[in-house]
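Every read-out reported here was derived from the displayed coordinates using simple, explicitly stated rules and does not represent laboratory data. The structure displayed is predicted, hence computed values, not measured ones.
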C-alpha cells in the first residue's frame, strides 16, 4: 500500500501544476524545477533572465553599500546599516510580491530584476551573521544574540507588514475608484 502511494505521489509530482487564478503575473511557488514539464516556460529564455538578475543585483548591492557608507559602524557597535537594509528590503519584497502577483501582469523580467536581483542584492543576511560574530568577538555576546534574533524576526514581520499594508492600500484605492462598492 505504501509503495502504491509513493508511485501516485511521483506521478502527481511530474504533472505540471497550474497556479490558481491563472493568467500572466501569477507566480506559482509550487513549481518543482526538477520536473522539466513545470519549467517549460523558461526554456530558451535563461540568458535574459540571468542578465536581469545580474543587473538588478548590481543596483541592489550598490544601494546596500551606500547605506553602509551613510551609517558606518565599528566592530563593537550595533550594525544599523545591515539591520535597516534587511528589514527595509523585506518590506519591499512584501510590497513587490503583492503588486506583481495580485495587481498587475508585469513583464516576465520584472520579478527576476526587482525581486531576485535588486532586492536580493540589497538584502544581506550573510553580512548579518558576520556582524553578529563581530559583536561576539568584541565582547558583546548579549548584543550579538539580540541582533541574531531580532534580524530574522523583524525581517519576517516587515515582509508581512509589506504584504498586508500593500493589500490595504491597494484595496482602499480600488474601493475609492468604485471597484469596492
Taking a ≥ b ≥ c as the square roots of the eigenvalues of the Cα gyration tensor, with a/c under 1.5 meaning rounded and otherwise prolate when a/b exceeds b/c and oblate if not, the stretch 46-176 is oblate
Given the Cα-Cα distance of residue 48 and residue 76 and 0.36 nm per residue of separation, how much length would full extension add, in nm?
5.8 nm
Could you work out the relative contact order of the stretch 46-176, using alpha carbon pairs under 8 angstrom and six or more residues apart, expressed as a whole percent?
39
